[in-house]
Structure formats: structure tokens, C-alpha cells
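First up is the structure itself, then whatever we jot down about it.
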Amino acid sequence: MIAGRLATIYVSDLDRALRFYTETLSLKRRYRAGKDWAVIDAGNGLVLGLHGAHPGGPQPGRGGSISVGFNVTEPLDRAVAALSERGVAFRSPVRDDAQVRLAFFGDPDGNELYLTEAPGAGPS
């Protein structure tokens, strides 16, 4: 009945956001429609819609209501080290929960993102 996954992320500067998601995080840009919309392929069926901020709309970086997680395809510590070298500032040490390991960071607007690794489950 319902198919696909799209998370819309409001950003203050679409060019800067595109550089972050494609160059820093190495995700693939699908397309861009003017100065207010771009689509990023985050892999494994997840699509991110980057939406330029506009008066009356949601404002970028207002945390707490949504976060976007990315499954890693290599050990989490290696992914954290590689992204740290690219300038990503992680908000805390890697969190080890019973079934999952998590690393929290943000995009240039402060929108909440995280990496996730489920030991024993393999990359997904």
C-alpha cells in the first residue's frame, strides 16, 4: 500500500547542504530543482529531500522532533574516524547499547543525524 522512504530536511543554504551530504558523507545526489529542493540517495531505499527554508515553514536545525539515521557498511569506529577527518563533529563518544552502537552528529544547520551499527546483524 505504501512504498518508499523519504525524509525531508530543511536547510538554510542548499549549496552548503549539498556539499555536506554528497562530499562529506559521500551520498549520491539524484537531482536538484532550483534553489529550494534537492534529492539525495542515502542508499538502501532511503531518500533525503533537502528543502530550502522559507518564511512560515519549518526552520532548519530545530532539534528534537526528527533525526535521520544511516546504517554503516563498515565498522562504526572506522566510519566515525573517516567522517571526523572530513570535519564532522560528533556530539559524544560512540554509544554502546545492548543491541546497537550509535554515533550522533549534525549537518551544517544542526539537523540531527546519527550512524548506527547493529553488531552481529551485518551491514544493511
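Quick notes
- Mean separation of Cα pairs under 8 Å and 6 or more residues apart, divided by the residue count, gives the chain a relative contact order of 24 percent.
- Helix 76-85 axis, angle to the chain major axis (alpha carbon atoms, nearest 10°): 50 degrees
- Using Cβ point charges alone (K and R +1, D and E -1), the dipole size of the chain about the Cα centre works out to roughly 300 debye.
- Carbon and sulfur %, accessible surface of the chain computed with the full protein complex present, 1.4 Å: 50 percent
- When you filter the trypsin sites (Lys or Arg not before Pro) in the stretch 34-94 for DSSP loop state and at most 13 other Cβ atoms inside 10 Å of their Cβ, you are left with K35, R62, R86, R91.
- Only one residue of G69, A103, I40 has its Cα farthest out toward the positive end of the dipole of the chain, where Lys and Arg carry +1 and Asp and Glu -1 on Cβ, and that residue is I40.
- The slack between T73 and S12, meaning 0.36 nm per residue of separation minus the straight C-alpha distance, is 19.0 nm.
- Shape of the stretch 31-83, Cα gyration tensor, a/c cut at 1.5: prolate
- Percent antiparallel among DSSP beta bridges (both partners in the chain, rounded to 5): 60 percent
The values are calculated or read from the model by the stated rules, or taken from the named source; none is laboratory data. The structure presented is a predicted model; accordingly, all values stated were derived computationally and were not measured. Positions of Cβ are backbone-derived with ideal geometry, glycine not excepted, and every protein chain shown enters the neighbour counts. When the accessible area is computed, the model is the full protein with side chains, heavy atoms only, and any ligands, DNA or RNA have been set aside. Shrake-Rupley method; radii C 1.70, N 1.55, O 1.52, S 1.80 Å.
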